[in-house]
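Below is one structure, written out as structure tokens; comments come after it.
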Amino acid sequence: MDRKKTENNIFDTALIFEGGGMRASYTAGVVNVLLENELYFDFVAGISAGASHSVNYLSRDEQRARRCFTEIVKSADFGGKSHMLRGNGYFNAHWIYEQTGLPGGVLPFDFDAFCQNPAKLRIGAVNRQSGELIYWKGEDMHSLQDLMRKVRTSSTIPFFMPPIDIDGQVYVDGGLAGGIALDVAKQAGYEKFFIVRTRTRDYRKGPLKHEKLLRWYFKKYPEMLKIMLKRHEKYNATLDEIERLEQQKKAYVFIPRNMPVDSMERDYDKLTKCYEMGYRQAKDELPAWKAFLKR
């Protein structure tokens with residue numbers, strides 16, 4: 001496959017990647033099966049780790065899609081307690097997002113290929129002051145630095161990563177307001193969806209634990225606190241809607257058969273095994289994908 005090929009061939013269906021931290025090692029396999037089979041969607045939306053999948057998919061870089069959630073953890077720069085103590089965050093987000101993708105970096109990002117792809121991109125993040133979930137458009141990102149900073153922002157977990165200032169506003173992880181970008185795809189006029197989840201079928205989110213700690217941490221940001229406390233309700237309501245769409249044959253939902261890692265996993269062998277599991281499942285489901293997409 002020529003990954004520089006930029007024409008898209010799926011125009012009636014939105015591709016949506018759920019977040020989930022290092023659980024996205026599983027769904028990186030989905031990214032690569034889509035690319036290997038030249039299934040090119042013209043609208044792609046992602047939040048948190050799903051934002052990383054989205055831009056790797058649009059730059060059509062199979063190696064980067066895999067390495068971002070496997071090999072990257074082998075570097076001492078990736079994160080850990082020492083980085084947390086130095087103020088870089090448990091995940092060293094500046095290095096992960098804003099340095100690895102530079103020319104000569106350990107995971108160079110092909111920004112030219114990304115720009116040549118005419119697909120519409122949406123990346124979600126939450127405004128810390130207002131608690132509003134906003135989406136940036138790919139066509140508004142005119143430099144590699146701008147793109148990667150917004151991908152980083154979409155993945156910025158409070159406490160574990162420093163918040164990001166963009167144009168005078170501070171933003172945090174888009175997953176805190178839901179985590180599945182179905183809303184923005186519907187707003188764009190789509191009625192058919194290919195949704196890539198990072199949780200198993202039976203998962204439902206419960207209320208956040210440690211409410212007192214949350215109230216202390218977000219005491220200056222009451223709207224953000226409201227979003228956090230109601231996060232599980234919005235997430236579960238979105239899952240209910242996705243199930244209805246699935247029953248109506250309006251959504252194909254890739255759901256991991258099982259999930260062997262959590263969002264904070266940093267063990268290379270476990271992440272590699274997780275990727276391989278996701279890749280195999282994606283290959284198994286490929287005929288069903290093509291049937292849904294009428295390919």
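The values are calculated or read from the model by the stated rules, or taken from the named source; none is laboratory data. Being a predicted model, the structure only gives us computed values, none of them experimental. All Cβ positions, even for glycine, are placed from backbone atoms using ideal geometry, and neighbour counts span all protein chains on display. Note: accessible area is taken over every heavy atom of the protein model, side chains too, but ligands, DNA and RNA are not part of it. Shrake-Rupley method; radii C 1.70, N 1.55, O 1.52, S 1.80 Å.
Hey, can you tell me all the residues within the stretch 151-165 that are touching a Lys or Arg at 6+ places or on another chain (Cβ under 7 Å) and surrounded by fewer than 21 Cβ atoms within 10 Å (Cβ to Cβ)? Talk me through it step by step, then tell me what you get.
Restricting attention to the stretch 151-165, the residues satisfying the condition of being touching a Lys or Arg at 6+ places or on another chain (Cβ under 7 Å) are 163-164.
Within the stretch 151-165, Pro163 is the sole residue that qualifies.
Can Arg244 be described as open to solvent by 90 Å² or more (accessible area, probe 1.4 Å) and touching a residue at least 12 places away in the same chain (Cβ under 8 Å)?
Numbers: open to solvent by 90 Å² or more (accessible area, probe 1.4 Å): yes; touching a residue at least 12 places away in the same chain (Cβ under 8 Å): no.
The answer is no for Arg244.
Take the stretch 96-135 and flag every residue that is touching a Ser or Thr at 6+ places or on another chain (Cβ under 8 Å), part of a loop (DSSP other than H, G, I, E, B) and closer than 15 Å to Leu58 by Cβ.
Correct list: Phe109, Asp110, Asn117, Pro118.
Does Phe159 meet the test of being in a helix (DSSP H, G or I) and either at pLDDT 95 or above or not polar (S, T, N, Q) (or both)? Even if it seems obvious, please write down each step before you answer.
Numbers: in a helix (DSSP H, G or I): no; either at pLDDT 95 or above or not polar (S, T, N, Q) (or both): yes.
No; evaluated as a whole, the condition is false for this residue.
Determine if the stretch 198-215 includes at least one residue that is out of contact with any Lys or Arg (no Cβ under 6 Å at 6 or more places or on another chain), assigned to a helix (DSSP H, G or I), within 30 Å of Lys294 (Cβ to Cβ) and free of Cβ contacts under 8 Å to residues at least 40 places away in the same chain. Spell out how you get there, then give the answer.
Here is the first cut: in the stretch 198-215, the residues out of contact with any Lys or Arg (no Cβ under 6 Å at 6 or more places or on another chain) are 199-215.
If we keep only those that are assigned to a helix (DSSP H, G or I) as well, we get 211-215.
Those still in the list that are within 30 Å of Lys294 (Cβ to Cβ) too: none.
No, every residue in the stretch 198-215 fails to be out of contact with any Lys or Arg (no Cβ under 6 Å at 6 or more places or on another chain), assigned to a helix (DSSP H, G or I), within 30 Å of Lys294 (Cβ to Cβ) and free of Cβ contacts under 8 Å to residues at least 40 places away in the same chain.
Among the residues of the stretch 94-131, which ones are among the polar types (S, T, N, Q) and touching a residue at least 24 places away in the same chain (Cβ under 8 Å)?
From the stretch 94-131, those among the polar types (S, T, N, Q) are 99-100, 116-117, 127, 129-130; that's our starting set.
Matches in the stretch 94-131: Thr100, Gln116, Asn117, Asn127, Gln129, Ser130.
Can you name every residue in the stretch 216-241 that is in a loop (DSSP other than H, G, I, E, B) and not hydroxyl-bearing (Ser, Thr, Tyr)? If you could, list the steps in order and put the result at the bottom.
So the first thing to find is which residues in the stretch 216-241 are in a loop (DSSP other than H, G, I, E, B), and the list is 218-221, 230.
Matches in the stretch 216-241: Phe218, Lys219, Lys220, Lys230.
Can you tell me which of (1) touching a residue at least 24 places away in the same chain (Cβ under 8 Å); (2) of a type in the set (A, V, I, L, M); (3) within 20 Å of Ala181 (Cβ to Cβ); (4) in contact with a helix residue (DSSP H, G or I) (Cβ under 6 Å, 6 or more places away or on another chain) is the one Met141 doesn't meet?
The single condition Met141 does not satisfy is (1).
Output yes when any residue across the stretch 33-43 is within 11 Å of Phe194 (Cα to Cα), modelled with pLDDT of 95 or more and charged (D, E, K, R), and no when none is.
no
Among Lys249, Lys290, which is the only one that is exposed (fewer than 15 other Cβ atoms within 10 Å of the Cβ), part of a helix (DSSP H, G or I) and not hydroxyl-bearing (Ser, Thr, Tyr)? Walk me through how you get there before you give the answer.
On the way: Lys249 fails: part of a helix (DSSP H, G or I).
Only one candidate passes the filter, namely Lys290.
Restricting attention to the stretch 111-150, which residues are open to solvent by less than 30 Å² (accessible area, probe 1.4 Å), over 25 Å from Met228 (Cα atoms) and not hydrophobic (A, V, I, L, M, F, W, C)?
Matches in the stretch 111-150: Asn117, Gly138.
Give, as residue ranges, the helices (runs of 4 or more DSSP H) completely inside the stretch 1-95 that count at least 1 residues that are crowded, with 23+ Cβ neighbours inside 10 Å, among the polar types (S, T, N, Q) and within 17 Å of the chain's Cα centre (by Cα).
Numbers: elements: 24-36, 49-59, 62-67, 81-85.
Where helices (runs of 4 or more DSSP H) fall fully within the stretch 1-95 and carry at least 1 residues being crowded, with 23+ Cβ neighbours inside 10 Å, among the polar types (S, T, N, Q) and within 17 Å of the chain's Cα centre (by Cα), they are 24-36, 49-59.
Anything in the stretch 184-225 that is surrounded by 14 or more Cβ atoms within 10 Å (Cβ to Cβ), out of contact with any Phe, Trp or Tyr (no Cβ under 9 Å at 6 or more places or on another chain) and closer than 30 Å to Ala282 by Cα? List them, or say none.
Arg199, Tyr203, listed by residue number.
Six or more apart or on different chains, Cβ atoms under 6 Å: show the pairs whose first residue is in the stretch 34-57 and within 13 Å of Leu147 (Cα to Cα) and whose second is open to solvent by 10 Å² or more (accessible area, probe 1.4 Å) and part of a loop (DSSP other than H, G, I, E, B).
Ser52/Cys68
Among the residues that make up the stretch 261-277, is at least one of them in a helix (DSSP H, G or I), among the hydroxyl-bearing types (Ser, Thr, Tyr) and open to solvent by 50 Å² or more (accessible area, probe 1.4 Å)? Walk me through it before giving the result.
Within the stretch 261-277, the first condition is being in a helix (DSSP H, G or I), and the residues that meet it are 268-277.
When the remaining residues are screened for being among the hydroxyl-bearing types (Ser, Thr, Tyr), the result is 268, 272, 275.
Adding the requirement that they be open to solvent by 50 Å² or more (accessible area, probe 1.4 Å) leaves 268.
Among the residues of the stretch 261-277, at least one is in a helix (DSSP H, G or I), among the hydroxyl-bearing types (Ser, Thr, Tyr) and open to solvent by 50 Å² or more (accessible area, probe 1.4 Å), which makes the answer yes.
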